[in-house]
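Below you'll find the structure, written out as C-alpha coordinates, and then a few comments.
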Amino acid sequence: MDWGAKDVALLKGLWAAGQSAAQIARHLGCSRNAVCGMLTRLGLKRGHKPPTARPKIRPPPKIRPASSAASARAVAKQVSRSTAERQQPKEISKQQLYAILAEAVRNTG
(Lines give C-alpha, C1' and ligand atoms only; values in the text may rest on other atoms or scores of the structure.)
Protein backbone atom coordinates (compact mmCIF):
# COMPACT_ATOMS: atom_id res chain seq x y z
CA MET A 1 0.00 0.00 0.00
CA ASP A 2 1.17 3.52 -0.74
CA TRP A 3 1.18 5.46 2.46
CA GLY A 4 0.44 9.10 1.76
CA ALA A 5 0.66 11.87 4.28
CA LYS A 6 -3.12 11.78 4.78
CA ASP A 7 -3.09 8.02 5.40
CA VAL A 8 -0.26 8.29 7.91
CA ALA A 9 -2.02 11.15 9.72
CA LEU A 10 -5.27 9.18 9.82
CA LEU A 11 -3.37 6.11 11.05
CA LYS A 12 -1.79 8.10 13.87
CA GLY A 13 -5.10 9.65 14.84
CA LEU A 14 -7.01 6.36 14.90
CA TRP A 15 -4.19 4.65 16.79
CA ALA A 16 -4.12 7.45 19.38
CA ALA A 17 -7.92 7.11 19.70
CA GLY A 18 -7.42 3.50 20.77
CA GLN A 19 -8.64 1.65 17.69
CA SER A 20 -7.12 -1.73 16.91
CA ALA A 21 -4.93 -2.45 13.89
CA ALA A 22 -7.75 -4.49 12.32
CA GLN A 23 -10.23 -1.62 12.73
CA ILE A 24 -7.77 0.85 11.21
CA ALA A 25 -7.08 -1.55 8.33
CA ARG A 26 -10.80 -1.80 7.54
CA HIS A 27 -11.10 1.99 7.62
CA LEU A 28 -8.08 2.50 5.31
CA GLY A 29 -8.91 -0.44 3.04
CA CYS A 30 -5.66 -2.34 3.52
CA SER A 31 -4.47 -5.41 5.42
CA ARG A 32 -3.89 -5.56 9.14
CA ASN A 33 -0.26 -6.54 8.50
CA ALA A 34 0.25 -3.36 6.45
CA VAL A 35 -1.05 -1.30 9.36
CA CYS A 36 1.13 -3.18 11.87
CA GLY A 37 4.18 -2.71 9.65
CA MET A 38 3.61 1.03 9.36
CA LEU A 39 3.04 1.32 13.11
CA THR A 40 6.37 -0.42 13.66
CA ARG A 41 8.16 1.86 11.18
CA LEU A 42 6.65 4.92 12.84
CA GLY A 43 7.65 3.60 16.28
CA LEU A 44 4.10 3.72 17.61
CA LYS A 45 3.39 1.27 20.40
CA ARG A 46 0.65 0.68 22.87
CA GLY A 47 1.62 0.77 26.50
CA HIS A 48 1.80 -2.55 28.27
CA LYS A 49 -1.14 -3.46 30.43
CA PRO A 50 -0.43 -3.23 34.13
CA PRO A 51 -0.37 -6.56 35.92
CA THR A 52 -3.76 -7.57 37.25
CA ALA A 53 -2.45 -8.92 40.51
CA ARG A 54 0.42 -7.91 42.70
CA PRO A 55 1.84 -11.09 44.18
CA LYS A 56 3.26 -10.90 47.66
CA ILE A 57 6.73 -12.31 47.89
CA ARG A 58 7.18 -14.17 51.13
CA PRO A 59 10.58 -14.92 52.61
CA PRO A 60 11.64 -18.56 52.61
CA PRO A 61 10.88 -20.50 55.80
CA LYS A 62 13.57 -20.53 58.43
CA ILE A 63 15.30 -23.87 58.80
CA ARG A 64 16.20 -24.83 62.33
CA PRO A 65 19.40 -26.81 62.84
CA ALA A 66 18.90 -30.45 63.73
CA SER A 67 19.32 -31.28 67.39
CA SER A 68 22.32 -33.33 68.40
CA ALA A 69 20.15 -36.01 70.07
CA ALA A 70 18.32 -36.77 66.83
CA SER A 71 21.51 -37.05 64.81
CA ALA A 72 23.17 -39.36 67.39
CA ARG A 73 20.73 -42.21 66.66
CA ALA A 74 21.45 -44.51 63.80
CA VAL A 75 18.58 -44.87 61.38
CA ALA A 76 17.91 -48.35 60.05
CA LYS A 77 17.33 -48.35 56.33
CA GLN A 78 14.23 -50.27 55.38
CA VAL A 79 14.38 -52.35 52.27
CA SER A 80 11.15 -53.35 50.68
CA ARG A 81 10.50 -57.01 50.05
CA SER A 82 10.13 -56.46 46.30
CA THR A 83 13.60 -54.89 46.16
CA ALA A 84 15.12 -57.83 48.02
CA GLU A 85 13.41 -60.31 45.72
CA ARG A 86 14.72 -58.65 42.58
CA GLN A 87 17.80 -60.77 42.36
CA GLN A 88 19.51 -61.58 39.10
CA PRO A 89 17.78 -64.46 37.31
CA LYS A 90 19.62 -67.74 37.37
CA GLU A 91 21.50 -68.60 34.22
CA ILE A 92 20.13 -71.34 31.98
CA SER A 93 21.86 -73.34 29.32
CA LYS A 94 21.07 -73.31 25.62
CA GLN A 95 19.48 -76.71 25.90
CA GLN A 96 17.12 -75.51 28.62
CA LEU A 97 16.28 -72.41 26.56
CA TYR A 98 15.45 -74.52 23.51
CA ALA A 99 13.23 -76.74 25.65
CA ILE A 100 11.35 -73.70 26.97
CA LEU A 101 10.89 -72.31 23.46
CA ALA A 102 9.70 -75.69 22.11
CA GLU A 103 7.15 -75.90 24.95
CA ALA A 104 5.93 -72.39 24.13
CA VAL A 105 5.51 -73.28 20.46
CA ARG A 106 3.54 -76.43 21.35
CA ASN A 107 1.25 -74.39 23.64
CA THR A 108 0.48 -71.77 20.99
CA GLY A 109 -0.42 -74.17 18.17
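The values are calculated or read from the model by the stated rules, or taken from the named source; none is laboratory data. All figures in this text were calculated on a predicted structure; none of them were measured in a lab. Positions of Cβ are generated from backbone atoms using ideal geometry, with glycine treated the same way; all protein chains shown enter the neighbour counts. Each accessible area value is taken on the protein alone, full model and side chains, heavy atoms only, with ligands, DNA and RNA left out. Shrake-Rupley method; radii C 1.70, N 1.55, O 1.52, S 1.80 Å.
Starting from the residue with the highest accessible area, list 62, 12, 90 in decreasing order, probe 1.4 Å.
Values: 62 190, 12 100, 90 170 Å².
Ranking 62, 12, 90 by accessible area, largest first, yields 62, 90, 12.
3J(HN,Hα) couplings calculated from phi for segment 56-63 with the Karplus curve 6.51 cos²θ - 1.76 cosθ + 1.60 (θ = phi - 60°) are, in sequence order, 8, 8, 9, x, x, x, 6, 9 Hz; Gly and Pro show x. Figure note: 105, 35 ranked by solvent-accessible area, largest first, 1.4 Å probe, ligands and nucleic acids not counted: 105, 35. Among 40-46, 16-22, the peptide with the highest mean count of other Cβ atoms within 10 Å heads the list, and the full ranking is 16-22, 40-46.
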